[in-house]
Each structure stands twice: as C-alpha cells, then as structure tokens.
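Structure record follows, encoded as structure tokens.
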Amino acid sequence: MDTGTALSEVLQPAWPVAGPSTILDNAGMEVDEGLVADSLRHAGACFAFVHGSRVTTSATSANSDLDVGAWWPGDAPASWEVDVPSYVDLVVLNTAPLWLAGRIAQYGRLLFEDDISARVAWQADTRLRFLDEIPAVRRRYSARLDQIAQLASRKVTPRHG
C-alpha cells in the first residue's frame, strides 16, 4: 500500500453510494434504496451497507429481500424497533456476530454514510478482526463437520430396555 494513500481511500467501497434510485427485482417488487436510507437516517443510523444476494449475485430471486446492515452511534436499537420497509432484512451492526459483521464489512455495498470517520473506523476494525478470526472459525467448522461425519458412519444399534 502506498504510504501516501489515506486509510479512507483504501477502505472506500468500489461501488457508488446509493441515491434515490428505485430497483425492480425479478418479481417486479419495487426496492427503493433511497427510502431505506432515509428510514435508517431517521432512526439515527450513521451508515449502512447492502449485503447478501443483491451484492454477491447478478440476479435475485423473486422473493429476495434487501439485506441491510446499519450502524448507530451509542446505544443501537434492536432491528425490529427500526421502521424500515417490509422488504428490508435489517442487521444492527453494533450487535451483529463477527462472522456476519465481518462479511458485511468485507463484501457489502455502501448504501449511505453520514459519518465517514465512524464508518472507516468500524469497517477497518471489523475487517481486521474478521480476517484474523476467520481461519480459526473455518477450522472449528471443519472439525465439527468431521465429527458429524464420524458419528453418521457409526452403526447405531437401538437399546432395548
């Protein structure tokens, strides 16, 4: 990395911040990202990312919701306390588990940001912790899958009492 490059430039997503555009999914359902951003701002969120199938695939399913992760300064509300359109599946980044927050920080598309410093600090910290921890998480999942496979391969004889 060029030492003259600002951290905010390095962490800036390659995608533009969402504007008041309306997107039609495969079912023709209107997904208004501008309305979602306005709803989250009204609830006090400082920034939000779109994640999930609308970011990782070029086509969404007919019933695909809009997966959004949002961050609040201070005490964050529970996701069900935030008034967002019914097609939004909201993750509160302040309390999200690292495996989910890390994926959003790493692969999400910025929906909006009103506090670049807070977004950069959260995203940098979350990415670093996620990238540090993901090898251990993968090893645990692999060990658990091996354990399940071993149990499944054993013959289970019913007990008669």
What nm distance separates the two modelled labels at ALA143 and HIS42, each placed 7 Å from Cα along Cα→Cβ?
4.8
Can you pull the one-decimal nm distance between simple spin-label points at LEU128 and LEU100, each 7 Å off the Cα toward Cβ?
2.5
Residue-wise HN-Hα coupling along the stretch 125-130, computed from phi with Karplus coefficients 6.51, -1.76, 1.60 (Hz; x: Gly, Pro)
4, 5, 4, 4, 5, 4
What is the distance, in nm, between label points placed 7 Å from the Cα along the Cα-to-Cβ direction at GLU30 and at GLU81?
3.1
Extension gain (nm, one decimal) between TYR107 and SER153, 0.36 nm per residue minus Cα-Cα
12.8 nm
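Leaving ligands, DNA and RNA out of it, report the carbon-plus-sulfur percent of the accessible area of the stretch 91-161 at a 1.4 Å probe. It would help to have the intermediate numbers written out before the result.
Details: 2740 of 5000 Å².
Percent of accessible area from carbon and sulfur atoms in the stretch 91-161: 55.
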Local electrostatic count at VAL137 - Lys and Arg +1, Asp and Glu -1, tallied over other residues with Cβ under 12 Å
+4
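The values are calculated or read from the model by the stated rules, or taken from the named source; none is laboratory data. None of the values given here were measured: they were computed from a predicted structure. Note that each Cβ is placed from the backbone with ideal geometry, even for glycine, and that neighbours are counted across all protein chains shown. Ligands, DNA and RNA are excluded from the accessible area calculation, which covers all protein heavy atoms including side chains. Shrake-Rupley method; radii C 1.70, N 1.55, O 1.52, S 1.80 Å.
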